[in-house]
Structures are given as C-alpha cells and as structure tokens.
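Worksheet: one structure, shown below.
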Amino acid sequence: MSRQLLLLRHAKSAWDTEAATDFARPLNKRGERDAPRLGRWLRQQGFIPDYVVSSPAERAKQTALRVCKELGLEDERLHWEPSIYEATPGELLRVLAACPETARTVLLVGHNPGLELLLGYLCESAPTPADGKLLPTATVAQLAMPADWRQLDPHCARLLAITRSASLA
C-alpha cells in the first residue's frame, strides 16, 4: 500500500503581538489568508489526509484548523502533538511512527528547521529554490512514502512536489 506524507510548515506568524512566548505567537494577516488558500488547493488536488497531526503552538494550530476547515475535516480529527514544536528529525520520525497503520495520507503541520531536516532525511535530494528557502511559511511538501510509517529509513521517500501558498495567488 503506497502512502503519502504532506509536510506543511505553518503560515506566517506575527512578531508584533502581546504573545508572552514564541509558542504563543499567532498568525499575522498574511498567514490568516494563506492557510485557507493552501487548504482549498489541497482539496482541489484531492489530497485529503486520513490523519492530521500538528504542533499545538498557536501559529501551527491556527494553520491546521484553517486548512482542515477548507478540507471539510472536523476539528476533532486533528491530533495535537507537543513534541512537534522544536522537533528534531528523530522526534518527527517518532510522531510518524505513531500514525495509524490504516492512514494512507498524513498531514504533518509543524515548524522549521525540523520539517526541512526531516525532508532532507526522507528524500535524497530536494531542489534549492532561488531564494534558498526550501520550506518557507505556508508551504507544503508532498512525498510518496513507503508502506510502513514505522520503518522510515534515510532517503526512503520520493519528493513529488513543493507548493508555496504564494504561488497559488
């Protein structure tokens, strides 16, 4: 059974807020616009996840909720995983290993540098964009994955596409 992983970096966050911590920073206006745009695009492409797991950091949480609303997924289908915030590739691999065996498409909403490092671990090569940013905010990477979420060896996946919200305008 082939599987698909959608790695989604949270949408643009606000820096000029009253947020007490980095974890509490919300989306800015651009992020509030880009997250639903990505959700609509995922729906139009037929990329409907069986399982959604997200960092509970405010900007990632807001992104996941907006994307899933556009996908027609109820909030209770989202799984909040604190270890995604500031995660290493090893921690993200553990998150993926905990995905249900029946999940064919997983949407993982998180942060850099963890997502870019995970992408580098899973895929042998990814094109370096002109701006040098592989996964800027509000960007989704689509990967073809092996049959078992628990056995993800280096370079076991194939990068199918990287889509930036900005390119969907």
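Derivation of every value follows stated rules applied to the coordinates shown; laboratory data play no part. Since the model is a prediction, treat every value here as computed from it, not as a measurement. For neighbour counting, all protein chains shown are included, and Cβ atoms are generated from backbone atoms with ideal geometry for every residue, glycine included.
Brief remarks follow.
- 3J(HN,Hα) along segment 41-52, derived from phi through the Karplus expression 6.51 cos²θ - 1.76 cosθ + 1.60 where θ = phi - 60°, amounts to 4, 4, 4, 4, 7, x, 8, 9, x, 7, 9, 10 Hz, with x in place of Gly and Pro.
- Cβ-based exposure ranking for W80, W15, in which fewest neighbours within 10 Å come first: W15, W80
- Summing charges over neighbours of S55, with a neighbour being any other residue whose Cβ is under 13 Å away from its Cβ, gives -1 when K and R count +1 and D and E count -1.
- Legend: ranking of residues K12, K61 from fewest to most surrounding C-beta atoms inside 10 Å; resulting order K61, K12.
- Rounded to two decimals, the Cα-based Rg/Rh of segment 93-163, with Kirkwood Rh, is 0.94.
- Distance between the 7 Å Cα→Cβ label points at S83 and A126: 2.1 nm.
- A full extension of the chain between I48 and R158 corresponds to an added length of 37.7 nm, given 0.36 nm per residue minus the alpha carbon distance.
- Whole-Hz ³J(HN,Hα) from phi, Karplus 6.51 cos²θ - 1.76 cosθ + 1.60, for segment 110-118, glycine and proline x: x, 10, 8, x, x, 5, 5, 5, 5
- Semi-axes of the equivalent ellipsoid for segment 3-168, Cα gyration tensor, largest first, Å: 22, 17, 16
- Each of the GluC sites (Glu not before Pro) that DSSP puts in a loop and that has at most 14 other Cβ atoms within 10 Å breaks the chain; the longest unbroken stretch is 19-73.
- Length-normalised contact order of segment 3-168 in % [C-alpha pairs under 8 Å, at least 6 apart]: 31
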